[in-house]
Amino acid sequence: MKSWIWTILVVVLIAAGSYAFYVYTLPPELEEGFLYGNGHVEGTEVNISAEVTGRVLRTNLVEGATVDKDSLLVSLDDRDNVAKLAIANARIAALKIEQQRYMEELATWRELLATAKRDLKRYTALRERGIVTVQKLDQITNVHREALGKVRALTAQVGESEARTTVAEYEAQLLQINIDKAAIYTPMDATILAKGIELGELAVRETLVAVLVDMEDLELKVYLPEKVIGKVKLDAPCKVRVSAFDDRYFDCRVKRVDQRAQFTPRDINMPEERVRMVFGVVLALENSQGYLKPGMPADSWIRWDDNQPWPARLVIPR
């Protein structure tokens, strides 16, 4: 009988101790005035691709390196286009010489036409008075007709030459654009997240050259239950913590709140699993020292009550 009682007492004590340990190890409740969310650090990735075909002659791609705006990333072989541009420029020069010759010849024939018009008018009047013969008037008429035909033909030739010169100039501009595109520069201050090509490799149109990201423009998207989303205000202060810096908090602010609710994403651990409808909240991270990296899992706390001070240690709620 006594052994049975002792067995019950031991079981009760073990159960009580287990429950006490469970309660003790539970994370504390989130303090009033704060909201918690987690997600992954994200950055706006910019894919830099080749716009022309060419072999890589020079590369400054180093993954993780910081580059300034307009820094040279890659130089492609542009000798073919340089040669074509030289030919195009020579063709333009020849066309301009031809055009100038036509214009000079046209100016001469216009003077001749003006003289022929005056002669035709004068000889027509003389013929009406019977002073000149029909043959002489026909001769003057033929001279006028020839001059008029020449002026018209040369005018058309000048127009055609101008059109061919314009086409050649546009072709030269296109070649110059392709030559300029053979040198690929970064469009912004950024960090090289990944490189897509090596020295000596052949790049064709749309070949990925590098992936850039602005480390000072990182974001964290968290998902909050529908019932608390009304507490979130734009520009509200928040703090972020990542595993790599467990004892450090990074400042941030609420940048954007989704206008429509959605179901809980599978890669997000919500404190209340029963809540299915959530709103996405985008936090703009302060990362001037570059500690945060895209892809890092992060915990965040949003302070919606300005009267509440930040606690010394932020906890992940139950």
Starting from the stretch 130-143, keep only residues that are modelled with pLDDT under 85, then list their pairs with residues that are assigned to a helix (DSSP H, G or I) whose Cβ atoms are within a distance under 6 Å, requiring at least 6 positions of separation or different chains. V132/Y123; V132/L126; L137/Y123; L137/R127
Checked against (1) assigned to a strand (DSSP E or B); (2) surrounded by fewer than 17 Cβ atoms within 10 Å (Cβ to Cβ); (3) modelled with pLDDT under 90, V278 satisfies every condition except (2)
Looking at R241, R205, which is the one that is touching a Phe, Trp or Tyr at 6+ places or on another chain (Cβ under 7 Å) and either of a type in the set (K, R) or within 30 Å of R303 (Cα to Cα) (or both)? R241
Which is part of a helix (DSSP H, G or I) and either surrounded by fewer than 14 Cβ atoms within 10 Å (Cβ to Cβ) or under 45 Å from the mean Cα position of the chain (by Cα) (or both), of T141, T115, T191? T115
Picking from I97, I92, the residue that is out of contact with any Phe, Trp or Tyr (no Cβ under 7 Å at 6 or more places or on another chain) and loosely packed, with under 14 Cβ neighbours inside 10 Å would be I97
Only one residue in K255, K227 is of a type outside the set (S, T, N, Q), in contact (Cβ under 8 Å) with a residue 40 or more places away in the chain and either exposed (fewer than 12 other Cβ atoms within 10 Å of the Cβ) or part of a strand (DSSP E or B) (or both), so which one is that? K227
Looking only at the stretch 82-99, decide whether some residue is modelled with pLDDT of 90 or more and part of a strand (DSSP E or B). no
Residues of the stretch 187-215 that turn out to be touching a Lys or Arg at 6+ places or on another chain (Cβ under 6 Å) and not hydrophobic (A, V, I, L, M, F, W, C), as a count: 1
Might you check whether a residue that is polar (S, T, N, Q), farther than 25 Å from V254 by Cβ and at pLDDT below 95 occurs anywhere in the stretch 23-31? yes
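The values are calculated or read from the model by the stated rules, or taken from the named source; none is laboratory data. Computed from a prediction, not measured in an experiment: that's the story for all the values here. Positions of Cβ are generated from backbone atoms using ideal geometry, with glycine treated the same way; all protein chains shown enter the neighbour counts.
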